[in-house]
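Quick note: the coordinates plus some simple rules give every number you see, no bench work behind them. What you see is a predicted model; the values in this text were computed from it and never measured. Counting neighbours? That spans all protein chains shown, and the Cβs are built from the backbone with ideal geometry, glycine included.
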Amino acid sequence: MSKSIIVVGPVILDKHYFINKYPSESSLATISDTSASIGGSGNLILDLAKLDNKINIVVNSVIGKDEGASLIKQEFSKYNNIDMSNTVVLENTPTTHVMDSLSTKQRTFFFDAASNRDFDINCVKLDKAKGSLLQVEYIGLIGKLMDEDKDYGSKIAKLLYLAKQNGMKTSIDMVSKNDETTIKVARSALKYSDYCTVNELEAQSISGIEIKDSDDNIIEENIIKALDKIKSFGVTTWVVIHSKFFNYGLDCNTNKVYKAESLDVPKSYIKGTTGAGDAFLSGILISIDRGFDLEKALKVACSTAVCSLASVDGTSAMKSYEKVMELFDIYSKGCVYEEIRN
């Protein structure tokens with residue numbers, strides 16, 4: 001097992017506003033209730049802490065001195081395996097205002113970066129984490145780490161390079177931003193990444209390959225091309241693309257591609273989709289830590305993702321690894337798990 005998993009990314013306060021449906025422009029929506037929870041990289045951190053209390057999770061993030069920061073510290077302090085000693089404290093905590101549609105179970109985000117704008121490479125401490133797995137989360141939302149670097153392409157890429165020089169395995173994901181800067185930075189980061197986990201929209205942005213047809217269905221032939229394209233930017237071990245119904249993984253060493261159908265849960269099971277992507281990623285990371293192969297990792301990730309759907313905030317429902325895999329036993333019946341390129 002790894003000595004620890006170091007998570008670099010924005011720990012965010014999520015303020016939820018529950019509405020019947022998201023309004024069209026210039027229209028009114030009534031808020032029926034509100035709540036606050038931890039979001040951003042905090043989702044992944046809490047998921048990992050619950051999945052395995054023996055994994056040491058080192059938080060490299062920026063928070064403020066405000067009420068939001070107090071909530072974050074209070075929640076993290078419940079878990080002995082979350083290490084906040086590398087967390088940088090500035091002024092205001094990054095906040096996402098989340099519009100939760102009660103009718104569709106979907107959400108829309110408005111992000112206030114606050115102190116996260118000043119998150120730079122000097123905020124990340126690698127010296128005490130040699131031999132660990134470094135996860136850089138939310139490329140597109142990590143402050144000055146998005147800045148250009150003349151030698152590595154971006155500060156994120158430089159950080160990943162330094163981590164590899166320090167004996168770490170490296171892993172990245174990103175946010176669904178289809179802008180030129182985010183795509184450029186993500187591609188520079190892939191050169192120094194052992195693992196890459198993204199959703200189908202992010203994969204489409206990075207690869208430049210259309211993954212969905214006009215009816216919003218996955219084009220399987222193209223998703224394989226996208227996996228290969230992402231690998232070509234430098235990923236050494238696994239490229240994983242997840243989506244609502246199907247998930248795909250490329251083993252960069254064997255060139256095999258695996259397909260895993262999302263677990264088939266009843267509609268009544270789903271309370272919200274916030275944090276489902278982070279939950280899927282937590283399944284990939286715990287699989288790396290436990291030495292699982294990619295085929296097994298996809299099954300674990302499908303299970304952690306569906307576990308998160310049982311709560312509105314995305315982390316409250318997460319359980320231990322053993323309990324999560326019980327969900328796989330219940331809800332995987334009839335689902336497709338196969339090698340689609342050997």
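Of Ala157, Ala189, Ala113, which has the largest mean-square fluctuation in a 10 Å C-alpha GNM of the chain?
Ala113
Taking Rh as the Kirkwood radius computed over C-alpha pairs, what is the Stokes-Einstein D of the stretch 50-160 at 10 °C in a medium of viscosity 1.306 mPa s, expressed in µm² per second?
Numbers: Rh = 15.8 Å.
For the chosen part, D equals 101 µm²/s.
Which of the three applies to the stretch 158-246, rounded, prolate or oblate, going by the alpha-carbon gyration tensor with a ≥ b ≥ c and a/c under 1.5 meaning rounded?
Numbers: a/c = 2.40, a/b = 1.87, b/c = 1.28.
It is prolate, given that a/c is not under 1.5 and a/b is the larger ratio.
Could you list, bin by bin from short to long, the percent of Cα-Cα pairs of the stretch 1-82 in 5 Å steps?
In order of increasing distance, the bins hold 3, 14, 20, 20, 13, 10, 9, 6, 3, 1, 0 percent.
Could you check which residue among Ile241, Ile230, Ile330 shows the biggest mean-square fluctuation in a GNM of the chain with a 10 Å Cα cutoff?
Ile330
I'd like the GluC sites (Glu not before Pro) in the stretch 59-137 restricted to DSSP loop residues with at most 14 other Cβ atoms within 10 Å, sorted by number.
Glu91
For the stretch 1-148, what proportion of DSSP beta bridges, expressed in % and rounded to the nearest 5, is antiparallel? Write down the numbers at each step before the final one.
Values: 15 of 34 bridges.
About 45 percent, rounded to the nearest 5.
Compute the Cα gyration tensor for the stretch 136-184, then decide on rounded, prolate or oblate, letting a ≥ b ≥ c be the square roots of its eigenvalues: rounded whenever a/c is under 1.5, prolate when a/b is larger than b/c in the other cases, and oblate in all that remain. Intermediate results must be reported in sequence, preceding the final value.
Numbers: a/c = 2.48, a/b = 1.47, b/c = 1.69.
Oblate shape, in that a/c is at least 1.5 and b/c is the bigger or equal ratio.
Provide Cys302, Cys123, Cys307 in ascending order of the number of other Cβ atoms located within 10 Å of each residue's Cβ, fewest first. Present the calculation step by step, with values, prior to reporting the outcome.
Working: Cys302 25, Cys123 19, Cys307 29.
Neighbour counts put them in this order, fewest first: Cys123, Cys302, Cys307.
Scan the stretch 201-290 for GluC sites (Glu not before Pro) in coil per DSSP, keeping those whose Cβ has at most 14 other Cβ atoms within 10 Å, and list them by number. Display every interim value, and only then the final one.
On the way: sites: Glu202, Glu210, Glu220, Glu221, Glu261; in loops: Glu210.
Listed in order of number, the matching sites are Glu210.
Of the listed pairs Lys155/Lys225; Lys3/Lys50; Lys78/Lys244; Lys150/Lys184, which have alpha-carbon separations greater than 25 Å here?
Numbers: Lys155/Lys225 28 Å; Lys3/Lys50 17 Å; Lys78/Lys244 31 Å; Lys150/Lys184 13 Å.
Listed pairs above 25 Å: Lys155/Lys225; Lys78/Lys244.
Going down the table (Lys229/Lys259; Lys256/Lys299; Lys125/Lys229; Lys256/Lys296; Lys73/Lys271; Lys271/Lys333), which pairs top 20 Å between alpha carbons?
Distance filter (> 20 Å) returns Lys125/Lys229; Lys73/Lys271; Lys271/Lys333.
Could you tell me what a quarter of the Cα convex hull surface of the stretch 290-334 works out to, in nm² with one decimal place? Could the numbers behind the result be given before it?
On the way: hull surface 13.7 nm².
Mean projected area for the stretch 290-334: 3.4 nm², to one decimal.
So what J values fall out for the stretch 192-209 if you push phi through Karplus, 6.51 cos²θ - 1.76 cosθ + 1.60 with θ = phi - 60°, rounded to Hz, Gly and Pro as x?
Here the 3J(HN,Hα) series is 10, 10, 8, 9, 9, 10, 9, 8, 5, 6, 5, 4, 5, 5, 5, 7, x, 10 Hz.
Sort Val265, Val336 so that the residue with the fewest other Cβ atoms within 10 Å of its own Cβ comes first and the one with the most comes last. Numbers along the way, then the final one.
Working: Val265 15, Val336 10.
By the 10 Å Cβ count, ascending: Val336, Val265.
Among 95-105, 55-65, 163-173, 37-47, what's the highest-first ranking by average C-beta atoms within 10 angstrom per residue? All intermediate terms of the calculation are to be shown ahead of the outcome.
Details: 95-105: 17.1, 55-65: 23.3, 163-173: 20.5, 37-47: 27.5.
In decreasing order of mean packing, 95-105, 55-65, 163-173, 37-47 become 37-47, 55-65, 163-173, 95-105.
Determine the equivalent ellipsoid of the chain by diagonalising the alpha-carbon gyration tensor, then write out the semi-axes as square roots of 5 times the eigenvalues, largest first, rounded to whole Å. Display every interim value, and only then the final one.
Working: eigenvalues 137, 131, 87 Å².
They are 26, 26, 21 Å, listed from largest to smallest.
Just want the ordering: Leu250, Leu327, from fewest to most Cβ atoms lying within 10 Å of their own Cβ.
Values: Leu250 26, Leu327 20.
So the ranking, lowest neighbour count to highest, is Leu327, Leu250.
Where both partners of a DSSP beta bridge lie in the chain, what percent of those bridges are antiparallel, to the nearest 5? Please list the in-between numbers first.
On the way: 30 of 61 bridges.
Here the antiparallel bridges make up roughly 50 percent for the chain.
Taking only C-alpha pairs under 8 Å that are 6+ residues apart, what is the relative contact order of the stretch 222-342 in percent?
Details: 205 pairs, mean separation 33.8, N = 121.
In percent, rounded to a whole number, it is 28.
Would you work out the relative contact order for the chain, in percent, from Cα pairs under 8 angstrom that are 6 or more residues apart? Display every interim value, and only then the final one.
Details: 766 pairs, mean separation 50.1, N = 342.
Relative contact order of the chain: 15 percent.
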